[in-house]
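Beneath this line is the structure, given in structure tokens, with notes to follow.
What follows draws every value from the coordinates through simple rules; no lab data is involved. Predicted model, so just to flag it, every value in this text is computed and none were measured. In this analysis, Cβ positions are derived from the backbone assuming ideal geometry, glycine residues included, and neighbour counts consider all displayed protein chains.
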Amino acid sequence: MCMGGGGGDGGAAERKRQEEERQGRIRAGNKAINDTFSQFDDDFFKGRREAYTGYAQPQINEQYQDAFEKLRKTLAASNLSQSSIAARRRGRLEKQLGEMTRKMNLTAEDYSNKARADIEAARSGLQSQNMNMADPALASANALTRAQQLNEVPVFDPITNLFASAAEGLATQADLERRTKARYPTGLFAPESSARNVG
């Protein structure tokens, strides 16, 4: 009966068998990880973008409408609703809306890219751990736990004061010029210039 040597090869055959088994367990663990992470596809990353735009777009729209209404009231109170300054202010507000929408889309793409990077880092970490442990059951359990965490939608920062300057300075400047106390009169608000600025 052969003792402890696995024949005359000094145990090489046994070590080879054990290594083949270990490699098989590693392959099984990697398959479990990849199967679990297969849910993170293009639709997932699209969903992450849409989660942010779904959060941000209503806030942008609401703040824009509030700013537009505030500007409208301020212009009306200053008898400037049909003036060139009103057109400029409305144009500036529209431009800001476009800029905020573009920024929102870029931020949404950043969230999608961060999710992609986090998922790949997690997959790589799990596979490294699996290489050391060679335990398919543990690899599968860890992959499920990590995937559940990665599926959680991040907490987005609130969006505030996007259009705060839309009507800024109009009422004060109009009041000062009507009372002829403006330090640097623009001529836009004085009664005699109001006719020139209509249209």
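Could you say whether any residue in region 50-61 is buried (at least 16 other Cβ atoms within 10 Å of the Cβ), of a type in the set (A, V, I, L, M) and over 25 Å from residue 114 (Cβ atoms)? Give the steps one after another, and end with the answer.
Initially, region 50-61 is screened for residues buried (at least 16 other Cβ atoms within 10 Å of the Cβ), giving 51-53, 55-57, 59-60.
After this cut, where a residue has to be of a type in the set (A, V, I, L, M) as well, the list is 51, 56, 60.
After this cut, where a residue has to be over 25 Å from residue 114 (Cβ atoms) as well, the list is none.
Checking region 50-61: not a single residue is buried (at least 16 other Cβ atoms within 10 Å of the Cβ), of a type in the set (A, V, I, L, M) and over 25 Å from residue 114 (Cβ atoms).
Please tell me if residue 67 is under 30 Å from residue 156 (Cβ atoms), of a type outside the set (Phe, Trp, Tyr) and surrounded by 14 or more Cβ atoms within 10 Å (Cβ to Cβ). Give the derivation first.
Working: under 30 Å from residue 156 (Cβ atoms): yes; of a type outside the set (Phe, Trp, Tyr): yes; surrounded by 14 or more Cβ atoms within 10 Å (Cβ to Cβ): yes.
Spelling it out, residue 67 is indeed under 30 Å from residue 156 (Cβ atoms), of a type outside the set (Phe, Trp, Tyr) and surrounded by 14 or more Cβ atoms within 10 Å (Cβ to Cβ).
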Review point. Got a sec? Which of 107, 36, 53 is in a helix (DSSP H, G or I), under 29 Å from the mean Cα position of the chain (by Cα) and closer than 27 Å to residue 131 by Cβ?
Key: 36
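Working carefully through the options 106, 71, 80, 144, find the one that is without any contact (Cβ under 8 Å) to a residue 40 or more places away in the chain and either closer than 30 Å to residue 42 by Cβ or touching a helix residue (DSSP H, G or I) at 6+ places or on another chain (Cβ under 7 Å) (or both). Walk me through it before giving the result.
Values: 71 fails: without any contact (Cβ under 8 Å) to a residue 40 or more places away in the chain; 80 fails: without any contact (Cβ under 8 Å) to a residue 40 or more places away in the chain; 144 fails: without any contact (Cβ under 8 Å) to a residue 40 or more places away in the chain.
After applying the criteria, what remains is 106.
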Check your understanding: Filter region 76-93 for residues that are among the aliphatic types (A, V, I, L, M) and in a helix (DSSP H, G or I); which is surrounded by the most Cβ atoms within 10 Å (Cβ to Cβ)?
Key -> 86
